[in-house]
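> So that we are looking at the same thing, I have put the structure below in structure tokens.
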Amino acid sequence: QVQLVESGGGLVQAGGSLRLSCAASGSASSSIDSIGWFRQVPAKEREVVSAITWSGGTYYADSVKGRFTISRDNAKNTVYLQMNSLLPEDTAVYYCAGRLGSLRTAGYDYSDWGQGTQVTVSL
């Protein structure tokens with residue numbers, strides 16, 4: 001069993017910053033090799049934002065490159081997504097997801113999902 005819990009969402013003005021956290025726990029949490037951050041807005045497909053492996057490999061969607069930074073604390077089994085220079089189009093529910101194996105960018109490659117945290121960026 002793996003539990004993923006996101007936190008850190010909220011309401012922020014455009015240009016502001018938020019840091020999301022994804023804490024992994026459970027008997028099988030040590031089996032997770034990669035964590036991805038995804039986001040979704042109503043009536044749109046879920047999209048990958050960023051991903052990281054426990055060994056340090058990273059991926060960023062073009063839309064967030066230079067603004068978002070993903071990092072991990074292996075000792076705390078936690079992955080962070082630092083979001084700077086936020087834009088209204090970053091508004092979405094953000095989910096973290098875990099998988100066994102190398103970094104992937106498709107949601108269907110991830111087996112464990114958190115409940116999501118709302119990020120709202122106002123003008």
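The values are calculated or read from the model by the stated rules, or taken from the named source; none is laboratory data. Note that the coordinates shown come from a computational prediction; the quantities given were computed from them, not determined experimentally. Here the Cβ positions follow ideal geometry from the backbone for every residue, glycine too, while neighbour counts run over all protein chains shown. Areas reflect the complete protein model, heavy atoms only, side chains present, ligands, DNA and RNA absent. Shrake-Rupley method; radii C 1.70, N 1.55, O 1.52, S 1.80 Å.
> With θ set to phi - 60° and the Karplus curve 6.51 cos²θ - 1.76 cosθ + 1.60, what are the ³J(HN,Hα) couplings of the range 34-41 in order, to the nearest whole Hz, using x for Gly and Pro?
For the range 34-41, the Karplus-derived couplings read 9, 10, x, 9, 10, 9, 8, 10 Hz, x marking Gly and Pro.
> Compare Leu87, Leu11, Leu103 in a GNM of the chain, Cα atoms joined below 10 Å, and give the one with the largest fluctuation.
Among Leu87, Leu11, Leu103, the largest GNM mean-square fluctuation belongs to Leu11.
> In the chain, with Lys and Arg counted as +1 and Asp and Glu as -1 at Cβ, which of these residues, Ala97, Ser55, Gln40, has the Cα nearest the positive end of the dipole, that is, farthest along it?
Result: Ser55.
> Please report Rg over Rh for the range 82-123, where both radii come from the alpha carbon positions and Rh follows the Kirkwood definition.
1.07
> With the chain treated as a Gaussian network of Cα nodes joined by springs under 10 Å, which of Gln40, Gln82, Gln13 yields the largest mean-square fluctuation?
Gln13
> Here's something else I'd like to know. Can you list which of the chymotrypsin sites (Phe, Trp or Tyr not before Pro) found in the range 67-123 are DSSP loop residues with at most 10 other C-beta atoms within 10 Å?
Hits after loop and neighbour filter: nothing returned.
> Using a probe radius of 1.4 Å on heavy atoms only, what accessible surface per residue do you get for the chain? Whole Å² is fine.
Heavy-atom accessible area per residue stands at 50 Å².
> Convert each backbone phi in the range 61-76 into a coupling constant with the Karplus relation 6.51 cos²θ - 1.76 cosθ + 1.60 (shift: θ = phi - 60°), then list the ³J(HN,Hα) values in order as whole Hz, x for Gly and Pro.
Values, residue by residue: 5, 4, 5, 10, 4, x, 10, 10, 9, 9, 8, 9, 10, 4, 5, 9 Hz.
> With θ set to phi - 60°, apply the Karplus curve 6.51 cos²θ - 1.76 cosθ + 1.60 along the range 92-103 and write out the HN-Hα couplings as whole Hz, x wherever there is a Gly or Pro.
Values, residue by residue: 4, 8, 9, 10, 9, 9, x, 8, 8, x, 6, 4 Hz.
> Taking the Cα centre of the range 1-116 as origin and charging only Cβ (+1 Lys, Arg; -1 Asp, Glu), how large is the dipole, in debye to the nearest 20?
Approximately 140 debye in magnitude.
> If the viscosity is 1.306 mPa s and the temperature 10 °C, what translational diffusion coefficient in µm²/s does Stokes-Einstein give for the range 30-95 when Rh comes from Kirkwood over Cα pairs?
D = 127 µm²/s.
> Using a 1.4 Å probe over the heavy atoms of the protein chains, calculate the carbon and sulfur portion of the accessible area of the range 1-83 as a whole percent.
The value for the range 1-83 is 47 percent carbon and sulfur by accessible area.
> Additional query: If you take every residue apart from Trp54 with its C-beta less than 11 Å away from the C-beta of Trp54, what net charge results, scoring Lys and Arg +1 and Asp and Glu -1?
Combined, the nearby Lys, Arg, Asp and Glu give -1.
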